[in-house]
Amino acid sequence: MRVRELVAGEVVWVAPEATLRQAAEVMVSAEVGSVAVAVDGALEGILTERDILRAVAGVADFDVDSASTWMTEYPESFTPEMEVDDAADWMLATGFRHLPLVDGGEVLGVISIKDVLWALTDEKR
């Protein structure tokens, strides 16, 4: 199975200048664990639940600090043709829980370790 099959819905975005509170509100309302951070449609970074947790521990001001301050800049991204097994191996090796899928500069989606786990368990059934 290819990771393309795991992309569901639309990419959830915030601007780099969005505050941490705004980004967290977007994540909660969309029920996702990460948001893509973009400028003119180009992926600049990814802000995840872990980044929000680091910000809390780092005593960030959620109404002032921006997403760009706490995001992972220019995250590794993969093509939608990547095999799910390869995505799982990469996620385990790096410790990242979210994987942006990019095709020709267009962000198609962000898959999570949970998506990968579901796909792997479905394949075994």
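This table checks each residue for (1) of a type outside the set (A, V, I, L, M); (2) out of contact with any Asp or Glu (no Cβ under 9 Å at 6 or more places or on another chain); (3) surrounded by fewer than 15 Cβ atoms within 10 Å (Cβ to Cβ).
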| site | (1), (2), (3) |
| --- | --- |
| A8 | no, no, yes |
| V28 | no, yes, yes |
| V64 | no, yes, yes |
| T72 | yes, no, no |
| E76 | yes, yes, yes |
| M82 | no, yes, no |
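Which residues, taken from the range 48-57, are part of a helix (DSSP H, G or I) and either in contact with a helix residue (DSSP H, G or I) (Cβ under 9 Å, 6 or more places away or on another chain) or farther than 15 Å from E73 by Cα (or both)? Listed by number, the residues that qualify are E49, D51, I52, L53, R54, A55, V56, A57.
The criterion of at least 3 residues that are farther than 28 Å from E25 by Cβ is met by the following helices (runs of 4 or more DSSP H) wholly inside the range 61-124: 84-94, 113-124.
For G45, the criteria (1) within 12 Å of I111 (Cα to Cα); (2) of a type in the set (G, A, S); (3) not in a helix (DSSP H, G or I) hold in every case but one, which is (1). A Cβ distance below 8 Å, combined with a sequence gap of six or more or placement on separate chains, defines the contacts here; from the range 82-99, residues that are without any contact (Cβ under 8 Å) to a residue 40 or more places away in the chain reach residues that are hydrophobic (A, V, I, L, M, F, W, C) and assigned to a loop (DSSP other than H, G, I, E, B) in the pairs W90/F96.
Read-outs: derived from the displayed coordinates by stated rules, not from any lab. Just so it is clear, the model here is predicted, and its values are computed rather than measured. Here Cβ is always computed from backbone atoms with ideal geometry, including for glycine, and neighbour counts include all displayed protein chains.
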